[in-house]
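J.: Dropping a structure here in structure tokens format, bear with me for questions.
The values are calculated or read from the model by the stated rules, or taken from the named source; none is laboratory data. Computed from a predicted structure; not experimentally measured. Virtual Cβ from ideal backbone geometry, glycine too; neighbours counted across all protein chains shown. Remember, those area values only see protein heavy atoms, side chains included, never the ligands or the DNA or RNA. Shrake-Rupley method; radii C 1.70, N 1.55, O 1.52, S 1.80 Å.
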Amino acid sequence: MAKLDAEKVNVYYGDHHIIKDVNLSIQENTVTAFIGPSGCGKSTFLRLLNRMNDYIENFKKTGDILIDGGDIYDKKVRVEDLRKRVGMVFQKPNPFPKSIYENVVYGLRIQGIKDKSKLDAVVENSLKKVALWGEVKDKLQQSALALSGGQQQRLCIARTLAVEPTIILMDEPASALDPISSAKIEDLISELKENFTIIIVTHNMQQASRVSDKTAFFYLGELVEFGDTDQIFTKPVKELTQNYITGRFG
Amino acid sequence: MKQKFDINRFKDNMFKYFGLACTLFGLAVLSIFLINILIEGLGRLNWQFFSSLPSRMPEKSGILICLLGSIWIMVLTAIIAVPLGVASGIFLEEYGKKNKIASFIEINISNLAGVPSIIYGLLALEIFVRILGLGKSLLAGSLTLSLLILPIIIVSTREAIKAVPKSIREASYALGGTKWQTIRFQVLPAASGGLLTGVILAISRAVGESAPLIVIGALLYITTIPTSPMDDFAVMPIQIFNWLSRPQKGFIENATAAIIVLLLITFIMNGLAIYLRNRWQKKIKW
Amino acid sequence: MRNKKEKIIETILMLCAAVSVLTTIGILWVLLSESSSFFSKVSLKDFLTDTEWTPLFAEKHFGILPLIAGTMLTTFIAIVIALPTGLSIAIYLNEYAPKKFRKVVKPLLEVLAAIPTVVYGYFALMVVTPFLQKFIPDMAGFNALSPGIVMGIMIIPIISSLSEDALYSVPKALREASYGMGATRLQTAFKVLVPAATSGITVSIILAISRAIGETMIVAIAAGQQPRLTLNPLVPIETITTYIVQVSLGDVVQGSLEYQTIFAAGIALFALTFVLNNISYFIKKKFQEKYE
Ligand SMILES: Nc1ncnc2c1ncn2[C@@H]1O[C@H](COP(=O)(O)OP(=O)(O)O)[C@@H](O)[C@H]1O
Ligand SMILES: [Mg+2]
């Protein structure tokens, strides 16, 4: 069974038809890259998967999105529970203006977990997973805003891991970072694949080809082509994909 | 753990209704007050009420003098405060950005904005009424209120100027315009909507103000219509205050009727200001 | 030539701006000079520690405490009403309400702050007091409670609007980060937005307090004119502002000690609000630096 299934999904913002009839199926413990020119709906589609679009006015969706076989837009699903299972990392690092420690335990605190030893363990564990522990273990109580951009983004990933999601959505997570920090994030993604299903939006074609197993090419709200990353980048079926990856537009 | 989430969700929903209730509470109180005023005072609003001088008998009293007084005050205050306030705003926003004098003036203004209105009355009592010898005249009253609303006009002038895009300025400089020409012919016209909004709100504040005027002694029993800025005067809020402090029921009814008129003036001015602001905001989003 | 004209204009503009400075100097000078004559006759110690204020009686006492107590009592009641209501409205409008609702309701609530205060005085005296007397029969016709409540309603929009602005300016990314971790809107509001907007919210509360302290007409109409050192909200009291009005309404001889008392009272009032205004100014400055 697929980890995630989108069936005939359409999205409208008011009269604007943003996502058009998208069908997509994603397997567990894979990395999927969403590529396509800016404004084609990658972020919109990604944010459908943890219902981040819910609070946007005029937002309307048709079709179904299933995770582990369950419709995530079902009335019985609590959006807060869903987001615990489906974590998200944003384009710009967005740590809370709190300490490093408080950032990591935020998700646990809002679940009402107070046990100090448990929280400590989670902090250490999560920061180790993102290779940040060594750099910050002596200043956990300092403000997260004092970290560098790359460190902040890894902290945001650690914060997401602390909640133990099964899927992690990343919206251009390295685009605001310098090349070295960006490479660290890419390494991290390859490691996380062992335990998580990852979907990453990127405008960087090399990045997509380096980190992902599958690639989905979006254009004007349609899913033009979806397949193994190797295949998409070496012998795409559609001419549109060919044109895009060879840089003829976008 | 599941249980915990139930509680959070429950709290979330409860707060939603609580917040809505608070919002509606504000609006409900506003409506109750307005309805109460209309019920109590509407019957008293007739031609006699608008055209009569004050009198010992409530049913013979009217608001002619204080309504004219308020209009006088409105005009004089605008004449004094608008040029002063706009000029100060321009100076602070366009000329004084960096220097120490400007930042000193800025702290000053922010302080003045928070000084209770009655303190302006004490200032005016000493300076305008006594030292300058203006007495309890319309001029003294308008000067007092001008100082009171000056910070409001200055702040809104600055906001309006700030909202004008840089490109307009640069275009004018590129064509050889001087700083003042650029301000006079490009920036001010572009900022006029926001400026006007601030000015109207400030004047509306002045029209409703009474405490400082009581301090300078404007609570007179006047029976002549003011015809020059040096005449004694009364204004609507002070007349209302006066009537409210009389025991006879008839005067209370007069007060409510006068409140209707005063609120009407206030609401028209505020409505106009909001309308202008919306229109202007739409326009500057090129 | 052209340069000279520019210079002249700049000078004129600066002189206009200097009026504000003159106003401040004027206020300080008037208050200090008149009250220095006052303090030459009444000791500062008596002024600050005497528990009675009876300058208009035969047996004169000049203790400002009763007036300060009256001012604080009405202000406290106002804040108790306005703070929870205003902050809840701000959070509701910011987090929960549909955009359209917010767009209509925010200016409507601001109408509350635009109503002339003499009108609120009428409500306090003629509507709220009689209403409360139905439940609290031994409440006096003049009291601190009902003008306090009405003042609270008046300052709700100061807190709700300014706090909402502060919440609104919290970067959207923080809000999304919190949602993304599975937080509810309420948790997001209190754990992320309110802490991030603390300075703006604090400024709004200080401004509201300052406004309540300086409010004159509501208390002058509905709170009475009896200086009294009490915490009982049901009996007539007198605030600093009301005392100034009371003296202004009478025919006190200029230059007399009675006349000078209003300036002494004025200084106490000015000092209270001055401190509050400056605190809020510096919070605001610091906050701006952080985000710009
Ligand atoms: N909140 C919104 N309201 C209306 N239109 C939106 C909103 N967010 C995005 N859009 C529109 O939806 C389209 C897709 O946007 P997005 O998903 O952000 O594209 P991408 O991430 O691929 O660059 C764009 O045309 C954008 O203008
Ligand atoms: Mg995007």
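J.: In the range C:233-240, is there at least one residue being open to solvent by less than 10 Å² (accessible area, probe 1.4 Å) and of a type in the set (Asp, Glu)?
T.: Step one: of the range C:233-240, the residues open to solvent by less than 10 Å² (accessible area, probe 1.4 Å) are C:237-240.
Still in the list and also of a type in the set (Asp, Glu): C:238.
Within the range C:233-240, one or more residues are open to solvent by less than 10 Å² (accessible area, probe 1.4 Å) and of a type in the set (Asp, Glu).
J.: Looking at (1) away from ligand 2 (no atom under 16 Å from the Cβ); (2) within 14 Å of chain C (Cβ to nearest Cβ), which one does residue A:12 not meet, given that it meets all the others?
T.: Here residue A:12 meets the rest and fails (2).
J.: Search the range A:159-194 for residues being part of a loop (DSSP other than H, G, I, E, B) and of a type in the set (S, T, N, Q), and hand back the single one that is surrounded by the most Cβ atoms within 10 Å (Cβ to Cβ).
T.: A:166
J.: Can you tell me which residue among A:174, A:162, A:183 is within 16 Å of ligand 2 (Cβ to nearest atom) and out of contact with any Pro (no Cβ under 7 Å at 6 or more places or on another chain)? Give the derivation first.
T.: On the way: A:162 fails: within 16 Å of ligand 2 (Cβ to nearest atom); A:183 fails: within 16 Å of ligand 2 (Cβ to nearest atom).
Only one candidate qualifies: A:174.
J.: Inside the range A:15-30, can you point out the residues that are closer than 19 Å to residue A:200 by Cβ and more than 16 Å from ligand 2 (Cβ to nearest atom)? Spell out the reasoning first.
T.: Within the range A:15-30, the subset closer than 19 Å to residue A:200 by Cβ is A:19, A:22, A:24-30.
Matches in the range A:15-30: A:24, A:25, A:26, A:27, A:28, A:29, A:30.
J.: Find all pairs meeting these conditions: Cβ atoms under 7 angstrom apart; at least six residues apart or on different chains; first residue within the range A:34-47 and within 14 Å of another protein chain (Cβ to nearest Cβ); second residue near ligand 2 (Cβ under 9 Å from one of its atoms) and charged (D, E, K, R).
T.: A:43/A:171; A:46/A:171
J.: Let me ask another. Need at least 2 residues that are farther than 30 Å from residue C:225 by Cα per element, so show me which helices (runs of 4 or more DSSP H) inside the range C:1-105 make the cut, counting only ones lying wholly within it.
T.: Values: elements: C:2-41, C:44-49, C:65-91.
The qualifying helices (runs of 4 or more DSSP H) are C:2-41, C:65-91.
J.: Let me ask you something else. Scan the helices (runs of 4 or more DSSP H) fully inside the range A:31-112 and keep the ones with 2 or more residues being more than 16 Å from ligand 2 (Cβ to nearest atom) and modelled with pLDDT of 95 or more.
T.: Working: elements: A:42-48, A:79-85, A:100-109.
Ranges flagged: A:100-109.
J.: Within the group B:254, B:242, which residue is open to solvent by 20 Å² or more (accessible area, probe 1.4 Å), modelled with pLDDT of 90 or more, in the same structural domain as residue B:65 (by TED's automatic domain parsing) and polar (S, T, N, Q)?
T.: It is B:242.
J.: Moving on to the next point. For the subset of the range A:133-158 comprising residues that are touching a strand residue (DSSP E or B) at 6+ places or on another chain (Cβ under 9 Å) and open to solvent by less than 10 Å² (accessible area, probe 1.4 Å), which member is farthest from ligand 1 (Cβ to nearest atom)?
T.: Top of the filtered list is A:144.
J.: Mind checking whether some residue in the range A:118-133 is in contact (Cβ under 8 Å) with a residue 24 or more places away in the chain and at positive phi?
T.: yes
J.: If we scan the range C:165-173, do we find a residue that is touching a Lys or Arg at 6+ places or on another chain (Cβ under 7 Å) and in a helix (DSSP H, G or I)? I'd like the intermediate steps shown before the answer.
T.: If we filter the range C:165-173 for residues that are touching a Lys or Arg at 6+ places or on another chain (Cβ under 7 Å), which is where we start, we get C:173.
Checking which are in a helix (DSSP H, G or I) leaves us with C:173.
Yes; the residues of the range C:165-173 include at least one that is touching a Lys or Arg at 6+ places or on another chain (Cβ under 7 Å) and in a helix (DSSP H, G or I).
J.: Take the residues of the range A:14-40 that are open to solvent by 60 Å² or more (accessible area, probe 1.4 Å) and near ligand 1 (Cβ under 8 Å from one of its atoms): which is farthest from residue A:223 (Cα to Cα)? I'd like the intermediate steps shown before the answer.
T.: Restricting attention to the range A:14-40, the residues satisfying the condition of being open to solvent by 60 Å² or more (accessible area, probe 1.4 Å) are A:15-17, A:20-21, A:23, A:27-29, A:38-39.
Subset that is near ligand 1 (Cβ under 8 Å from one of its atoms): A:16, A:38-39.
Details: A:16: 17, A:38: 14, A:39: 13 Å.
The selected residue is A:16.
J.: If a residue has to be touching a residue at least 40 places away in the same chain (Cβ under 8 Å) and in a helix (DSSP H, G or I) to count, how many in the range C:129-157 make the cut?
T.: Number satisfying all stated conditions: 14.
J.: Which number in (1) more than 26 Å from residue A:158 (Cβ to Cβ); (2) within 13 Å of chain B (Cβ to nearest Cβ) marks the one condition that residue C:186 misses?
T.: Here residue C:186 meets the rest and fails (1).
J.: To continue, here is another question. Quick check on residue A:117: is it part of a helix (DSSP H, G or I) and open to solvent by less than 30 Å² (accessible area, probe 1.4 Å)? Walk me through how you get there before you give the answer.
T.: Numbers: part of a helix (DSSP H, G or I): yes; open to solvent by less than 30 Å² (accessible area, probe 1.4 Å): no.
Taking the combined requirement at face value, the residue does not satisfy it.
J.: Still on this model: Take residue B:247 and decide whether it is in the same structural domain as residue B:80 (by TED's automatic domain parsing) and part of a helix (DSSP H, G or I).
T.: Working: in the same structural domain as residue B:80 (by TED's automatic domain parsing): yes; part of a helix (DSSP H, G or I): no.
Answer is no for this residue.
J.: Within the range A:197-207, restricting attention to residues that are modelled with pLDDT under 95 and either open to solvent by less than 10 Å² (accessible area, probe 1.4 Å) or more than 16 Å from ligand 2 (Cβ to nearest atom) (or both), which residue is nearest to the chain's Cα centre (by Cα)?
T.: The residue in question is A:202.
J.: Ok, one more. State all residues of the range A:41-97 that are more than 16 Å from ligand 1 (Cβ to nearest atom), among the aromatic types (Phe, Trp, Tyr) and out of contact with any strand residue (DSSP E or B) (no Cβ under 8 Å at 6 or more places or on another chain); if no residue qualifies, say none.
T.: A:96
J.: So which helices (runs of 4 or more DSSP H) are wholly in the range C:206-292 and hold at least 1 residues that are closer than 26 Å to residue C:41 by Cβ? Give the derivation first.
T.: Values: elements: C:217-222, C:240-249, C:257-291.
Answer list for the range C:206-292: C:240-249, C:257-291.
J.: Please state which one of B:77, B:23 is of a type in the set (Ser, Thr, Tyr), closer than 30 Å to residue C:84 by Cβ and touching a helix residue (DSSP H, G or I) at 6+ places or on another chain (Cβ under 9 Å). Let's see the steps before the verdict.
T.: Values: B:77 fails: closer than 30 Å to residue C:84 by Cβ.
From the options B:77, B:23, the qualifying one is B:23.
J.: What are the residues in the range A:208-242 that are more than 15 Å from ligand 1 (Cβ to nearest atom) and open to solvent by less than 40 Å² (accessible area, probe 1.4 Å), if any?
T.: The answer is A:211, A:212, A:225, A:227, A:229, A:232, A:236, A:241.
J.: Would you mind telling me which numbered condition in (1) within 25 Å of the chain's Cα centre (by Cα); (2) open to solvent by less than 20 Å² (accessible area, probe 1.4 Å) residue C:162 fails?
T.: (2)
J.: Related question: Working only within the range B:42-99, note down all residues that are at pLDDT 90 or above, among the hydroxyl-bearing types (Ser, Thr, Tyr) and under 30 Å from residue C:12 (Cβ atoms).
T.: B:77, B:88
J.: Which of (1) more than 16 Å from ligand 1 (Cβ to nearest atom); (2) of a type in the set (Ser, Thr, Tyr); (3) in contact (Cβ under 8 Å) with a residue 40 or more places away in the chain; (4) in contact with a Lys or Arg (Cβ under 8 Å, 6 or more places away or on another chain) does residue A:101 not meet, given it meets every other one?
T.: (4)
J.: Hey, another quick one. Does the range C:154-175 contain any residue that is within 14 Å of chain B (Cβ to nearest Cβ) and closer than 24 Å to residue B:243 by Cα?
T.: Step one: of the range C:154-175, the residues within 14 Å of chain B (Cβ to nearest Cβ) are C:154-165, C:167.
Retained after the next criterion (residues that are closer than 24 Å to residue B:243 by Cα): C:154.
Yes, there is a match, as at least one residue in the range C:154-175 is within 14 Å of chain B (Cβ to nearest Cβ) and closer than 24 Å to residue B:243 by Cα.
J.: What's the number of the condition residue C:264 fails, among (1) free of Cβ contacts under 8 Å to residues at least 60 places away in the same chain; (2) buried (at least 17 other Cβ atoms within 10 Å of the Cβ); (3) more than 10 Å from chain B (Cβ to nearest Cβ)?
T.: Status for residue C:264: all satisfied but (1).
J.: Also: Kindly indicate whether residue C:148 is at pLDDT 95 or above and either within 30 Å of residue B:239 (Cβ to Cβ) or facing chain B (nearest Cβ under 10 Å) (or both).
T.: Numbers: at pLDDT 95 or above: yes; either within 30 Å of residue B:239 (Cβ to Cβ) or facing chain B (nearest Cβ under 10 Å) (or both): yes.
Here the answer is yes, as residue C:148 does meet what is asked.
J.: Taking only the range C:106-116 into account, find how many residues are at the interface with another protein chain (Cβ under 7 Å from one of its Cβ atoms) and part of a helix (DSSP H, G or I).
T.: The qualifying residues number 6.
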